[in-house]
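Visitor: Handing you a structure now.
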Amino acid sequence: GLDEAEDLPGEVGYRFDPCRTIPYILHLDVPVTGIESIVVEAFEEVESLTGLDFEYKGSYDLSISEFGSESNLLLSDDRPFEGIDTSFRPVVVHVNEQEDFFDRVEAEGYSDAAGLGGPQGYEIRGELVSVTGDIFLDGTYLNEVIELGFPSEAEALVLHEIGHVVGLGHVDNAQELM
């Protein structure tokens, strides 16, 4: 479960400030039936399990083509987020076309995945502090499992990737979420 996960390699020690609200948004490249409620409910569940405070800011077209690829949405580039009411760069849940998603999966060194997620942060006074994160989801896969009548698969995928954003790694037990 969420309490049994190990730290992410390369992300060891990252944590969110529990005293601030963490904004998140949806960036949809492909429509997925019910994805907004699936994402909101997943963040609410993680919120109840971690004590972190997440706030949904809506679905946005980030017009990222003006700024380069999604991988260039770095902490130092706030231009895509100028129209979003938030003091911090939001956690972005990207729902991608399958081809674009698999390009990212391969670039990250994975051969097969339906989602990728992780935190982004800074070192502040010797501590690694998460200030945001990114989640990339295969929209084609999500549509398939939902249309086949397995929305719980989509829900589990989103929860799993949010787990990575809050700093959880994989566990050896295949029956566990992480």
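None of the figures in this text is laboratory data; all of them are computed from the coordinates on show. Predicted, not measured: the structure shown is a model, and the values here were computed from it. We place every Cβ from the backbone using ideal geometry, glycine too, and count neighbours over all the protein chains shown.
Visitor: Quick one: length gained pulling Arg15 to Ala156 fully straight, 0.36 nm per residue minus the C-alpha distance?
Guide: Gain in length upon complete extension: 48.6 nm.
Visitor: Could I ask something else about it? For Asp103 and Glu123, what is the calculated FRET efficiency with R₀ set at 25 Å and r taken between the beta-carbons, to the nearest 0.05?
Guide: The formula returns an efficiency of 0.25 here.
Visitor: Shifting gears a bit: Taking R0 as 25 Å, what FRET efficiency do you get between Ser111 and Asn173 from their Cβ-Cβ distance, rounded to the nearest 0.05?
Guide: So the FRET efficiency works out to roughly 0.70.
Visitor: So if we plug the beta-carbon distance of Leu148 and Lys57 into 1/(1 + (r/R0)^6) with R0 = 30 Å, what FRET efficiency do we get, rounded to 0.05?
Guide: With a Förster radius of 30 Å, E is 0.45.
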